[in-house]
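S.K.: Questions regarding the structure given below will be posed in turn.
The values are calculated or read from the model by the stated rules, or taken from the named source; none is laboratory data. Since we're looking at a predicted model, the values are computed, not measured. Calculation scope for accessible area: heavy atoms of the full protein, side chains included, ligands and nucleic acids excluded. Shrake-Rupley method; radii C 1.70, N 1.55, O 1.52, S 1.80 Å.
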Amino acid sequence: MAFTMTNVSHAREMLEQAHNKVERAQLTMAKIREKAESAIATGIQIAEVSGTSFAFGYANGRWGENGELAFGGVPVDLGAAVVLHGVAFLGGLGKYAEHGHNLGTGALAACGYRTGAQIGAAAASKQHARAPGQFGGQAPPWLFANPAQPVFPHAAPAAPAAPQQPFVPQNFAPPQR
């Protein structure tokens, strides 16, 4: 079979088409890799924050006094959050600063939860406080999927609401006409 200009030009055209397909495939793969790297980075961030929060929650519950592990009068989770964020902000972790911030955020989340739980428990222990899950004497409809089975096992069943009387200030007289 003899080579002709038509055969050579056809071969070049096929080679260019193949080259274009390879370039498009490389661009597609680059986009897929970019999305995968972003998803992996988000997964790592979630694992670092929630894992740190869990670890401090466990430590507070396991070794803390009244659910708070402290060193020198400072809650350990709060101290760790300040140190981790500080070191990351000051460049002490270099290109891994985002991981320091993630761990610091997890420690701060544990501190926030612990503090909120302590404040809530203190409010519930007051004489005039309502039982957990009761708002104005009745639980809101979204709180219970099935009113016979509370979502929160510690929640007391809602007591019947007392009849509401309209508020009338003392020494109130209607306007005279």
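S.K.: Ignoring ligands, DNA and RNA, how do TYR58, TYR113 rank by accessible area with a 1.4 Å probe, largest first?
M.R.: Output order, biggest surface exposure first: TYR113, TYR58.
S.K.: I'd like the accessible area for VAL83, computed on protein heavy atoms only with a 1.4 Å probe and all protein chains in place. Round to 10 Å², please.
M.R.: Ignoring ligands and nucleic acids, VAL83 comes out at about 90 Å².
S.K.: Gap in Å between the Cα centre of the stretch 78-109 and the Cα centre of the stretch 17-39?
M.R.: Computed from Cα coordinates, the inter-centre distance equals 35 Å.
S.K.: Whole-Hz Karplus ³J(HN,Hα) for the stretch 73-90, in order, using 6.51 cos²θ - 1.76 cosθ + 1.60 and θ = phi - 60°, x for Gly and Pro?
M.R.: In residue order, the calculated couplings are x, 10, x, 4, 5, 5, x, 5, 4, 5, 5, 4, 5, x, 4, 5, 5, 7 Hz.
S.K.: As a test question: what accessible area, to the nearest 10 Å², does HIS85 have when a 1.4 Å probe is rolled over all protein chains in place?
M.R.: 40 Å²
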